[in-house]
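The next block holds one structure in the form of structure tokens; read it before the comments.
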Amino acid sequence: MILGIETSCDETAAALVADGTILSNVVASQMDLHAKFGGIVPEIAARKHVEAIGYVIKEAIDSAGKSLADVEAVAVTSKYGLVGSLLVGVAAAKSLAYTARIPLVGIHHIEGHIFANILSHPELPLPHVCLTVSGGHSMLVYVKGLCRYEVMGNTLDDAAGEAFDKVAKFLGLGFPGGPVIDRLSAQGDRAAFNFPRPLRGSKAVDFSFSGLKTAVVNMFKGRDRAKLPLADIAASFQEAVVDHLVSKTLQAASQKDVSAIGVTGGVAMNRRLREVFAETCPREGYQVFFTSPDLCGDNAAMVAAAGSARLRYREVDGLDLGVVAHAPLESVR
Ligand code: KG4
Ligand code: ZN
């Protein structure tokens with residue numbers, strides 16, 4: 001039974017997972033606090049993690065009907081995220097590992113998102129190509145086996161979720177932007193505006209979203225917001241993002257001998273993204289697996305699941321475990 005802890009961004013999360021079954025999954029979101037700033041404020045995030053972490057861990061253990069004595073190991077996100085935020089989770093995990101005399105394992109946040117999909121679909125074939133997209137990253141990973149990765153592509157500038165958030169902010173739609181644009185797009189015409197499709201024709205399977213965001217800003221800058229066709233702009237922008245994500249993912253999959261594609265991370269909640277993947281993948285000969293909605297955003301069940309796999313490879317960290325803001329995604333040694 002593994003306790004997972006996740007504090008890499010603005011969610012304070014803890015979960016108990018045993019043999020691929022989620023016993024509890026507690027997430028305390030700070031979203032409302034950051035919304036008025038139109039983005040995550042790192043200092044506020046770290047302070048709020050300090051306030052919440054003790055309660056969140058206790059709730060994860062209590063709501064599973066367990067006690068600390070039942071916990072056999074602790075997995076914590078130690079890489080990839082805001083340093084001040086990561087430090088809070090890692091300090092809590094170390095204290096628990098030390099006092100309960102249980103193994104500690106540090107997890108890369110992106111590996112967590114990949115495991116959110118494996119946790120959602122135990123039948124997900126290995127190898128597969130995984131698109132992992134959120135507010136902090138956009139990556140294409142060839143998942144060769146459990147904890148064995150090759151990063152195929154990355155964003156060259158903004159993350160996909162960041163682009164949703166920035167365009168929503170420009171249009172005065174609020175934060176986080178992804179869910180608002182997703183909802184508004186349902187009433188809009190996705191062919192109303194022809195926004196650019198980045199890196200089309202390039203052999204690389206990287207992403208770029210900042211030019212797309214700037215194209216939206218340049219087209220409507222200085223215009224009276226009340227007169228803007230917001231639903232049409234949202235739908236056309238979303239279509240360009242989805243087109244870019246799906247085409248690069250299919251391009252990546254065609255470079256590997258895989259039959260399955262995984263889609264995970266906060267942006268994997270997007271309904272149009274799911275629709276287009278669901279339409280195109282079978283046509284191109286791939287099965288597609290979407291992380292279940294409750295595990296798309298940051299959570300600790302995914303961290304516990306990754307920890308469980310790493311422990312099977314006997315990967316354990318010492319109490320000197322540090323945090324790293326931008327670490328490469330590494331395979332098990
Ligand atoms: O994985 P996540 O909860 O946190 C990070 O690791 O960043 O992802 C949050 C991101 C935000 O940028 C948010 O706007 C985006 O995911 N998002 C969406 C949707 N729901 C959340 N983007 C597009 N469509 C959605 N339905
Ligand atoms: Zn994330």
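The values are calculated or read from the model by the stated rules, or taken from the named source; none is laboratory data. It should be emphasised that the depicted structure is a prediction, and the values quoted were computed from it without experimental measurement. Please note: Cβ atoms are built from the backbone with ideal geometry, for glycine as well, and neighbour counts cover all protein chains shown. With ligands, DNA and RNA removed, areas are computed over all heavy atoms of the protein, side chains included. Shrake-Rupley method; radii C 1.70, N 1.55, O 1.52, S 1.80 Å.
Here is the figure for the range 248-281: residues that are within 14 Å of residue 133 (Cα to Cα), more than 16 Å from ligand 1 (Cβ to nearest atom) and open to solvent by 20 Å² or more (accessible area, probe 1.4 Å) total 0. Within the range 15-42, residues that are farther than 18 Å from residue 122 by Cα have Cβ atoms under 8 Å from residues that are among the basic types (Lys, Arg) and surrounded by fewer than 20 Cβ atoms within 10 Å (Cβ to Cβ) in these pairs: 38/169; 39/169, counting only partners at least 6 apart in sequence or on another chain. Looking only at residues in the range 1-35 that are away from ligand 1 (no atom under 16 Å from the Cβ) and surrounded by fewer than 24 Cβ atoms within 10 Å (Cβ to Cβ), which one is nearest to residue 97 (Cα to Cα)? Checking each candidate, the answer is 1. Do we find that residue 264 is among the polar types (S, T, N, Q), within 16 Å of ligand 2 (Cβ to nearest atom) and assigned by TED's automatic domain parsing to the domain that holds residue 151 in this structure? It is true that residue 264 is among the polar types (S, T, N, Q), within 16 Å of ligand 2 (Cβ to nearest atom) and assigned by TED's automatic domain parsing to the domain that holds residue 151. Scanning the range 156-172 for residues that are crowded, with 20+ Cβ neighbours inside 10 Å and either out of contact with any strand residue (DSSP E or B) (no Cβ under 6 Å at 6 or more places or on another chain) or of a type in the set (Val, Ile, Thr) (or both) returns 158, 161, 162, 163, 164, 165, 166, 167, 168, 171. Total residues in the range 54-87 satisfying the condition of being open to solvent by 20 Å² or more (accessible area, probe 1.4 Å) and part of a helix (DSSP H, G or I): the figure is 12.
Identify, from the list 120, 67, 95, the residue that is within 16 Å of ligand 1 (Cβ to nearest atom) and either hydroxyl-bearing (Ser, Thr, Tyr) or closer than 24 Å to residue 292 by Cα (or both). Outline the logic, then answer.
Values: 67 fails: within 16 Å of ligand 1 (Cβ to nearest atom); 95 fails: within 16 Å of ligand 1 (Cβ to nearest atom).
None of the others qualify; the one that does is 120.
Somewhere in the range 113-136, is a residue in a loop (DSSP other than H, G, I, E, B) and either surrounded by 24 or more Cβ atoms within 10 Å (Cβ to Cβ) or in contact with a Leu (Cβ under 6 Å, 6 or more places away or on another chain) (or both)? Scanning the range 113-136, I find at least one residue that is in a loop (DSSP other than H, G, I, E, B) and either surrounded by 24 or more Cβ atoms within 10 Å (Cβ to Cβ) or in contact with a Leu (Cβ under 6 Å, 6 or more places away or on another chain) (or both), so the answer is yes.
Out of all the residues in the range 176-197, which are part of a loop (DSSP other than H, G, I, E, B) and either modelled with pLDDT of 95 or more or buried (at least 22 other Cβ atoms within 10 Å of the Cβ) (or both)?
176, 186, 187, 188, 189, 190, 191, 192, 193, 194, 195
Considering only residues in the range 200-220 that are assigned to a loop (DSSP other than H, G, I, E, B) and at pLDDT 95 or above, the one that is surrounded by the fewest Cβ atoms within 10 Å (Cβ to Cβ) turns out to be 204.
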